[in-house]
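The values are calculated or read from the model by the stated rules, or taken from the named source; none is laboratory data. Remember, predicted model here, so these are calculated numbers, not experimental data. Glycine gets a Cβ as well: all are built from the backbone with ideal geometry, and neighbour counts include every protein chain shown. For the accessible areas, the whole protein counts, side chains as well, though only heavy atoms, and no ligand, DNA or RNA atoms are used. Shrake-Rupley method; radii C 1.70, N 1.55, O 1.52, S 1.80 Å.
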Amino acid sequence: MSSDHEALKQASERLESLERELRRTREELYRLMALVDRGPATVFLWRIAPRWPVEYVSANISRFGYDPEEFRSGRISWAELIHPDDTPRLDAEITRAIQDGTHGLVLEYRIITRSGEVRWVEEHALGLLDEHHRLTHYQGIILDITARKRAEAALLAGKEELESRVAERTADLTRANEKLRREIAQRQRAMEALQLDETRLEALLDLNLMTEASVKEITHFAMEEAVRLTRSTLGYLAFVNESETVMTMHAWSERAMYDCLIAEKPLIYPVETTGLWGEAVRQRRPIITNDYQAPNPWKKGYPEGHVELRRHMNVPIMEGGRVVAVIGVANKETEYDDADVRQLRLLGTGMWRILERKRVVDALKENEERYRSLFAVEPDALVLLDAQTGQILEANDSACQLFGYELEEFLSLTALDISAEPEKTRAVMDGWQPGRTDKVPYRNSLRKDGTIFPTEIAIRHFELQGRRLLYAAYRDITARVRAEAEMEEAHERLLRAEIEKKQFYRQVIRAVTNNKLHLVDLAQIPVEGELVLETSFDDPESYRALRQRVQQAAITAGMPEENAADFMLAVSEAAANAIKHAKDGRCALYVTPERVIARVSDRGTGIHPENLPATILTPGFSTKVSLGMGYTLMLEVADEMWLTTGPTGTVVQLAKWIYPERHVKEPDLQMWNNF
C-alpha cells in the first residue's frame, strides 16, 4: 500500500515536472514565434501539390498585405502570389528538384502584394520526408530582397554607365591619339613642304641672279632644281610652240644624259604622236604615273637603250591661257603627289617669267638705239618724266627748241617748271595709273623767256623697273587756237546777223499787218482768260470734234454766230496745218470778257526763217501744200495773232473780239514811221 502511494506520488511529481516543462516549452515557442513575427523572415510550410498549398505561414506575412488564415484555410495558395512572368521558371526549377530528390532549394522570384506592388523575395526551403522517405513538404523562410535587387540594378546600371564612359573615354583617347598622329604627320609634311618651298625660293633667287646667263644655262639649272625638289633621279624640260603642236626639248637632267644610251636624243616631239609625255599638253593638266610598267593606253613605248622608267610625272606651265612649257621628272623612290605638282608648277612658272623678262630686257637693249634715234627725230616735243617728283629724265631736240632750253639745262627742270598751270600738272602726276593714257586738249605751258603759250599734251602712264614714269608729247597749238578764236568771232558775227534779220522780219510783219501779227518767242505769247477747252487732235474725227467745240465755245462766250464760224474756220486751218505737216497737235481755248483766244501747237520742223515773210504775207505761197492760204485766212479772220516757229515745232495763237464794234483799229502810222 505504501509502495503504491509512493509510486503515485512520484508519478504526480513527474506530471507536475512535465507540465512545468511544457509551459516553459510553450513559452519558449511563443517567444520564438513572436521573434519570427517581428523578424525579416517569413516562415512557411507548403505541401508538394499543385499550386503549392500552404499549411503554415508566420504572421508577418501581413507585411505583404495577407492574413495567415487565408493560406491555412486554402482560400489563397502560394502560387497565386507569384508574378506571372516568374511562374514558368519556378515550376521548372521545383519540378527538377523533386525529380532529382533535392532537399535544399534557394529561389529568387517576384510576388505581388495585395496592394498590387511587385516585390522581390528570396526563398530558402528544406524538404521533409515521410516514413517511406518520400518528399512531401518544403519548409523554410522567405526574405524580402527588393531593396537589394534595386541596389543591384542601380549597381548594374552604374557599372554599365561606367563601362560606357570608359568605352567613350577609350574611344576619345583613341581618336585623340589618331588625331595627334595625323597632326604630327601633317606637321611633318608641312615642315617638309616648307623646306621644299625654301629650296624652291632659293632656286628662284638663284635664277633671278642669272642675269647674264644664256637660256640654255637657265633651263638646265631649273631642270636640275626640279629633279632635286621632287627627289627624282631623271628630268627634262621642253618648250611648246604657240599652236601647242610641237614640244622642243631644251634640257635633260645630268643623270638622264648619263643613263640614257640613245646616241641621238630627239629634240623635236610632235604633240599629236608623242606618247605619255604629250598628255600634259593635250589634257592641259599635270599627269602622274606612279606605275609606269602598268598597261596604259597613252604610252607608246620607248626605244631600246632608253633609261627604264618606274614612275613619271610631267606638269604643263601655263601663261596667258596656253601651254608654254612642260617639266617632267621620273623615278622618285616614293609615289608622286600633289605636293610635287605644286613644286614643279611654281618653279616652272617662275622660270618662265624670268625667261620672259630676259627676252624683254634683251629686246629693250636691242631696240634702245633705234628708240633713241626715233625719239631724237620726232617732230613733237617728247619728254620723259618721273611721276612722283616731276623730274625731266629725257627730252628730244624738239622739246628743247619748243621750250627754249639746252638739253643739259632742260634735264635739270621738273614738269612744274615748264607749266603755266602747275596745279593741274601736279594733279596729273598724283593721278598716275599704270597703262593709263591722258589727252589734255589745252594746257598753258611756259618757255624759258617767260612766254606763255597753249599746248596740247598726250600723256602715257607706265612703270619701268619699279619706277613710275610719264611719257608726254607736247604740241604747240598757238596757230590752231588763233584760228579757233577767229572762227568763234565769225560765228558770233553770224549769230548777231541772224538775230538782227529775225528782228527785222518781226518788225516788217508787224508793220505790214498793222500790228496784228506778232512773230515772237514762246515765252512772249500772252496767256489770259479762263481755260474752257484743252484737247489733242491727230485724225479727221478729232479734227471735226475740235471744230464743233471751238465754234460752240465762241457762241457761248457771246460772239455772233457768223463771227464764231469765221473764228472756227481760222482755228481749223491752224489745226489742219499741224495734222498735215507735224504731229502731236493740241488746242487750248481761253475766254475773256472781251475776246476768245485759241492756241494751236504741234511738234514739227516749223517754218524756215527765210520763208516766213512769203509764207505769212503772200496768198497761196507755201513750201508745202495748202500752207500759204491757211496763214492768209488766219490773218484775215483773227483780230490779233501770235506765231513762234522753229525746228522743234510751231505755236499759233489767234484772238478774236466778241464785240468787234467796240474795238475799231486804226492804222499804226507811228510804227510805219519807225520802220
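Within segment 236-251, if we keep just the residues that are part of a loop (DSSP other than H, G, I, E, B) and touching a residue at least 24 places away in the same chain (Cβ under 8 Å), the residue that is surrounded by the fewest Cβ atoms within 10 Å (Cβ to Cβ) turns out to be 242.
If you go through segment 269-285, how many residues are part of a helix (DSSP H, G or I) and either buried (at least 21 other Cβ atoms within 10 Å of the Cβ) or touching a strand residue (DSSP E or B) at 6+ places or on another chain (Cβ under 8 Å) (or both)?
To start, the set of residues in segment 269-285 that are part of a helix (DSSP H, G or I) comprises 276-283.
In the following step, the residues that additionally are either buried (at least 21 other Cβ atoms within 10 Å of the Cβ) or touching a strand residue (DSSP E or B) at 6+ places or on another chain (Cβ under 8 Å) (or both) were identified as 276-281.
Selection size over segment 269-285: 6.
The listed residues are 489, 456, 530, 534, and the only one of them that is farther than 30 Å from residue 595 by Cβ and touching a strand residue (DSSP E or B) at 6+ places or on another chain (Cβ under 9 Å) turns out to be 456. One residue alone among 98, 48, 111 is open to solvent by less than 30 Å² (accessible area, probe 1.4 Å), β-branched (Val, Ile, Thr) and either in contact with a Lys or Arg (Cβ under 9 Å, 6 or more places away or on another chain) or touching a residue at least 40 places away in the same chain (Cβ under 8 Å) (or both), and that residue is 111.
Okay, residues lined up against (1) touching a strand residue (DSSP E or B) at 6+ places or on another chain (Cβ under 7 Å); (2) open to solvent by 20 Å² or more (accessible area, probe 1.4 Å); (3) among the acidic types (Asp, Glu):
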| residue | (1), (2), (3) |
| --- | --- |
| 576 | no, no, no |
| 581 | no, yes, no |
| 586 | yes, yes, no |
| 598 | yes, no, no |
| 601 | yes, yes, no |
| 608 | no, yes, no |
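Apart from one condition, residue 326 fits all of (1) more than 23 Å from residue 270 (Cβ to Cβ); (2) modelled with pLDDT of 85 or more; the exception is (1).
Among the residues of segment 385-407, write down those that are of a type in the set (Ser, Thr, Tyr) and buried (at least 19 other Cβ atoms within 10 Å of the Cβ). Spell out how you get there, then give the answer.
The first filter runs over segment 385-407 and keeps only residues of a type in the set (Ser, Thr, Tyr), leaving 389, 398, 405.
Those that are of a type in the set (Ser, Thr, Tyr) and buried (at least 19 other Cβ atoms within 10 Å of the Cβ): 398, 405.
So is residue 55 acidic (Asp, Glu) and more than 60 Å from the chain's Cα centre (by Cα) or not? Taking the combined requirement at face value, the residue satisfies it.
Take segment 240-266 and flag every residue that is more than 13 Å from residue 327 (Cβ to Cβ) and at pLDDT 60 or above. Result: 241, 242, 243, 244, 245, 246, 248, 254, 255.
When segment 445-460 is limited to residues that are out of contact with any helix residue (DSSP H, G or I) (no Cβ under 9 Å at 6 or more places or on another chain) and closer than 19 Å to residue 382 by Cβ, the one that is least open to solvent (accessible area, probe 1.4 Å) turns out to be 458.
Restricting the first residue to segment 538-561 and requiring it to be open to solvent by 40 Å² or more (accessible area, probe 1.4 Å), which pairs with a second residue that is among the polar types (S, T, N, Q) meet a Cβ separation below 6 Å and a spacing of at least six or different chains? Going by the 6 Å Cβ cut-off, the qualifying pairs are 547/572.
Quick grid of which residues meet (1) surrounded by fewer than 15 Cβ atoms within 10 Å (Cβ to Cβ); (2) in contact with an Asp or Glu (Cβ under 8 Å, 6 or more places away or on another chain); (3) farther than 20 Å from residue 478 by Cβ:
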position: 383; (1), (2), (3): no, yes, no
position: 409; (1), (2), (3): yes, no, yes
position: 429; (1), (2), (3): no, no, yes
position: 443; (1), (2), (3): no, yes, no
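For beta carbons closer than 6 Å, sequence separation of 6+ or different chains, a first residue in segment 216-228 that is closer than 18 Å to residue 356 by Cβ and among the aliphatic types (A, V, I, L, M) and a second that is in a helix (DSSP H, G or I) and open to solvent by less than 70 Å² (accessible area, probe 1.4 Å), the qualifying pairs are 222/351. With respect to the stated conditions, residue 423 is without any contact (Cβ under 8 Å) to a residue 60 or more places away in the chain and open to solvent by 50 Å² or more (accessible area, probe 1.4 Å).
Selection of segment 115-167 for residues being open to solvent by 60 Å² or more (accessible area, probe 1.4 Å), without any contact (Cβ under 8 Å) to a residue 24 or more places away in the chain and among the hydroxyl-bearing types (Ser, Thr, Tyr) yields an empty set. Look at (1) at pLDDT below 90; (2) acidic (Asp, Glu); (3) out of contact with any strand residue (DSSP E or B) (no Cβ under 8 Å at 6 or more places or on another chain) and you find that residue 561 fails only one, number (1).
Filter segment 469-503 down to the residues that are over 30 Å from residue 391 (Cα atoms) and touching a residue at least 60 places away in the same chain (Cβ under 8 Å), then identify the one that is least open to solvent (accessible area, probe 1.4 Å).
So the first thing to find is which residues in segment 469-503 are over 30 Å from residue 391 (Cα atoms), and the list is 482-503.
With touching a residue at least 60 places away in the same chain (Cβ under 8 Å) added as a condition, the list becomes 498, 501-502.
Working: 498: 83, 501: 62, 502: 96 Å².
Filtering first and then ranking leaves 501.
Whether a residue is surrounded by fewer than 13 Cβ atoms within 10 Å (Cβ to Cβ), in contact with a strand residue (DSSP E or B) (Cβ under 6 Å, 6 or more places away or on another chain) and touching a residue at least 12 places away in the same chain (Cβ under 8 Å) was assessed, and residue 106 passes this test. Within this structure, residue 494 passes the test of being modelled with pLDDT under 90 and more than 26 Å from residue 663 (Cα to Cα).
All conditions but one from (1) more than 23 Å from residue 290 (Cα to Cα); (2) at pLDDT 70 or above; (3) out of contact with any strand residue (DSSP E or B) (no Cβ under 8 Å at 6 or more places or on another chain); (4) open to solvent by 30 Å² or more (accessible area, probe 1.4 Å) apply to residue 205; the one that does not is (2). Candidates are the residues of segment 562-574 that are touching a residue at least 60 places away in the same chain (Cβ under 8 Å) and among the hydrophobic types (A, V, I, L, M, F, W, C); the one that is most open to solvent (accessible area, probe 1.4 Å) is 569.
Does residue 398 satisfy the condition of being hydroxyl-bearing (Ser, Thr, Tyr), part of a strand (DSSP E or B) and without any contact (Cβ under 8 Å) to a residue 60 or more places away in the chain? Criteria not met by residue 398.
Of all residues in segment 317-336, those satisfying the criterion of being without any contact (Cβ under 8 Å) to a residue 40 or more places away in the chain and surrounded by 15 or more Cβ atoms within 10 Å (Cβ to Cβ) are 317, 318.
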